[in-house]
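The values are calculated or read from the model by the stated rules, or taken from the named source; none is laboratory data. Here the structure is a predicted model, which is why all the values come from computation and not from measurement. In this analysis, Cβ positions are derived from the backbone assuming ideal geometry, glycine residues included, and neighbour counts consider all displayed protein chains.
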Amino acid sequence: MVSSEAMLGALGFVWDRSAVRRDIPRFSVERALWRFHRSLPEYVWDAAVLEGNPFTYPEVQTLLDGITVGGRKISDERQILNLAEAANALAQLVRTGDFQLSKEVSDRLQFLLARDEALESGHFRGEGRETLTPGVSLGEHGRYLPPATEPGGENLRRIHTQGLEFLSVEIDAEFEQAVAYFLFGSLQQFYFDGNKRTARYLMNGHLMSRGMDSISVPAGRRHEFNTGMVEFFRHRDGTGMFSFLTSCRLAADDGVLPPAAD
């Protein structure tokens, strides 16, 4: 039994392990990748909406077909294209068996996702020139301050390595590992920007590599997602976000998979 103290020490947060679903559908890696590729415009649009991007779903489809959309900011268009490029890179890593929960993969995807937005991209805070520590706005609840940005970034590398070791050794369920990694990356804020995006891509790479379908937060549930993340940052308890992300994963199967037998 993993103690709450061990979770806090290794990851910075806790969750109720007894509440985590253990019956997540699992198929082949090829099937998971096929479904991910087929739903790519929706996946990109959902991710863009979470970032406040005003592109509509038809506009995302049009842009991904290689046709520009008039009347939109170049920065918003660039964000859509970056989300899609990173998604394709993620799928390729899974397809070739090169995906793993690692700093190398995380840095690569974060660069693709946030290179036009982050203060510095492609490496942890502190590994470049900048040493400021950015906080996360929690609205009326103030700001959350992650671990400090220290010159060289050794403290963040240590936190990341410790967290990965904990997940691989102490958490045996792969779906649970994936969601916990998303929360871990979001909380620790390893980068100056794009942390939740990067952590979601890593979460989905871990899922697809195990034959489980990726998780996309529907655009219509953006407020629910943001509210849940504020509560997570405030209380360092991931139980609610585990439930939310699991519901997103299972809801995507409605009409796709046959209902479970009673």
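Taking segment 25-49 as the range and being part of a loop (DSSP other than H, G, I, E, B) and either within 18 Å of the chain's Cα centre (by Cα) or within 22 Å of Gly185 (Cα to Cα) (or both) as the test, only Ser39 passes. In segment 56-71, what residues are touching a helix residue (DSSP H, G or I) at 6+ places or on another chain (Cβ under 7 Å) and farther than 11 Å from Trp45 by Cβ? Within segment 56-71, just Val69 meets the criteria. Residues in segment 9-33 that are surrounded by fewer than 13 Cβ atoms within 10 Å (Cβ to Cβ) and either modelled with pLDDT of 95 or more or among the β-branched types (Val, Ile, Thr) (or both): 3 in all. Pairs are defined by a Cβ separation below 8 Å, a sequence spacing of at least 6 or placement on different chains, a first member in segment 222-244 that is closer than 19 Å to Arg197 by Cβ and touching a residue at least 60 places away in the same chain (Cβ under 8 Å), and a second member that is surrounded by 14 or more Cβ atoms within 10 Å (Cβ to Cβ) and of a type in the set (S, T, N, Q); the pairs so defined are Phe232/Ser186. Residue check: Ala6 meets all listed conditions (1) of a type in the set (A, V, I, L, M); (2) outside any loop (DSSP other than H, G, I, E, B); (3) crowded, with 19+ Cβ neighbours inside 10 Å but one, namely (3).
Considered as a group, the residues in segment 106-117 that are surrounded by 16 or more Cβ atoms within 10 Å (Cβ to Cβ) and over 19 Å from Phe182 (Cβ atoms) include one that is modelled with the highest pLDDT, and that residue is Arg115. Looking across segment 103-130, the residues that are over 13 Å from Tyr191 (Cβ atoms) and not in a helix (DSSP H, G or I) come down to Asp116, Arg129.
Per-residue answers, yes or no, for (1) at pLDDT 95 or above; (2) out of contact with any strand residue (DSSP E or B) (no Cβ under 9 Å at 6 or more places or on another chain); (3) crowded, with 22+ Cβ neighbours inside 10 Å:
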site: Glu104; (1), (2), (3): yes, yes, no
site: Arg125; (1), (2), (3): yes, yes, yes
site: Gly128; (1), (2), (3): yes, yes, no
site: Val136; (1), (2), (3): no, no, no
site: Ile159; (1), (2), (3): yes, yes, no
site: Glu176; (1), (2), (3): yes, yes, no
site: Leu187; (1), (2), (3): yes, no, yes
site: Leu202; (1), (2), (3): yes, yes, yes
site: Gly211; (1), (2), (3): yes, yes, no
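For segment 68-102, the set of residues classified as assigned to a helix (DSSP H, G or I), surrounded by fewer than 16 Cβ atoms within 10 Å (Cβ to Cβ) and under 16 Å from the mean Cα position of the chain (by Cα) consists of Glu85, Asn88, listed by residue number. Do we find that Leu207 is aliphatic (A, V, I, L, M) and either free of Cβ contacts under 8 Å to residues at least 12 places away in the same chain or in contact with a Leu (Cβ under 7 Å, 6 or more places away or on another chain) (or both) in this structure? It is false that Leu207 is aliphatic (A, V, I, L, M) and either free of Cβ contacts under 8 Å to residues at least 12 places away in the same chain or in contact with a Leu (Cβ under 7 Å, 6 or more places away or on another chain) (or both). Screening the candidates Ile171, Ile215 for the property of being among the β-branched types (Val, Ile, Thr) and without any contact (Cβ under 8 Å) to a residue 60 or more places away in the chain yields one hit, Ile215. Kindly establish whether Gly52 is at positive phi and over 17 Å from the mean Cα position of the chain (by Cα). When the stated conditions are applied, Gly52 does not pass them.
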